[in-house]
1. So which residue, out of 326, 96, 181, gets the largest mean-square fluctuation from a GNM of the chain using Cα contacts under 10 Å as springs?
2. Report Rg (one decimal) and Dmax (nearest whole number) for region 253-332, counting Cα atoms only, units Å.
3. Compute the length gained on full extension between residue 154 and residue 305: take 0.36 nm times their separation in residues and subtract their Cα-Cα distance, giving the result in nm to one decimal.
4. How are the C-alpha pair distances of region 92-144 spread across 10 Å bins, as whole percents from the shortest bin up?
5. Between residue 31 and residue 94, what is the FRET efficiency for a Förster distance of 25 Å, r being their Cβ-Cβ separation, to the nearest 0.05?
6. Quick check: the angle from helix 105-117's long axis to the longest principal axis of the chain, C-alpha only, nearest 10 degrees?
7. With the chain treated as a Gaussian network of Cα nodes joined by springs under 10 Å, which of 329, 91, 198 yields the largest mean-square fluctuation?
8. Given region 301-359 reduced to its alpha-carbon atoms as identical point scatterers, what log10 I(q)/I(0) does the Debye formula return at q = 0.12, 0.13, 0.15, 0.29 Å⁻¹?
Ligand code: NAD
Ligand code: GLY
């Protein structure tokens, strides 16, 4: 097991990464304020992993209330959030009952937000079971639900007590979901870690084949970058915005097509290509960097062509981005592969050109 730390003073917490960690319930039990948890999961993950986690918790003397939600991005909303509150209250869960998110990023984001507001704040813990959740969404304390007009528009910053990533769970992940997680892995290389981007170019097939050593390395390296950025800028006043590379476009794709039509990671992949092309349009990077980005994303099984929503619709959807300041969009651009920055200075013409341009081919 590898353990990293998100350094946030009194709210610091460990990220444990390794095989077989669902059985290591002492990692959970040792952090609980009381011997009761509510495990929030969904109809896909419950039959795979709920019993295993409950058995392990039982052996530690921890009482577990299961809460099983419908599966899918389309359920990351108020109705589902209320189902969590109903179950917590029905089962007399107190403010000291810890909410355990067992699942992907949708379950993690919903559970974290529920914990942030249940009885004005209950503890919570992340047990991510998708690659995307293990490299990104379980770390850093962003929690949210979607609004029909915009992605993740209602939520809170609320840090977990710990992140426990059992890499064995990735064995049951559908190939399309593994690829979606690889989009966020590639993002770290693009924004801050050029050596990792080079490593990914040489090792992408090992990741697609799920070689355990390659996956463990990619998860650790991704979490280490994320933990570093979150420790420096927890509430996204500056640096943390870089983690949104490709996301302004990606969130517009998700909302524009209807939540769930494209996976989050797929939308981010096509969004990162748009952001790279915008960077090229503005003279920051060359065609070669755009091609390398497209080739790596394609090799990871990801889309590189954004859907044709029309320039005006894209601009309308992007107006609901959380990075908008004073009515103006801010964009994460590339200065080179491995170096991103925030720009407030992107003209409509360049944007329209990229959004309305012909498809790219890797
Ligand atoms: P997801 O939670 O929808 O999970 C993907 C699918 O895999 C679901 O059908 C799920 O039930 C299934 N699944 C989960 N674990 C499995 C396993 N081990 N075996 C088989 N199937 C399994 O999607 P995701 O990609 O994990 O997360 C995407 C969400 O995360 C989006 O809502 C996105 O906005 C959010 N996100 C949040 C942050 C953050 O910082 N909070 C960062 C990135 C993404
Ligand atoms: N996934 C973006 C962030 O955590 O800031």
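Read-outs: derived from the displayed coordinates by stated rules, not from any lab. Only a predicted model underlies this, so the values are computations on that prediction, with no experimental measurement involved. Don't worry about glycine lacking a Cβ; one is built from the backbone with ideal geometry, like all the others, and counts go over all protein chains shown.
1. Sorting by GNM fluctuation, first place goes to 326.
2. 13.2, 39
3. Full-extension gain reported as 51.5 nm.
4. Histogramming region 92-144 at 10 Å steps yields 30, 53, 16, 1 percent.
5. 0.90
6. Once rounded, one gets 60 degrees.
7. Maximum among the listed residues: 91.
8. The computed values of log10 I(q)/I(0) come out as -0.34, -0.40, -0.54, -1.26.
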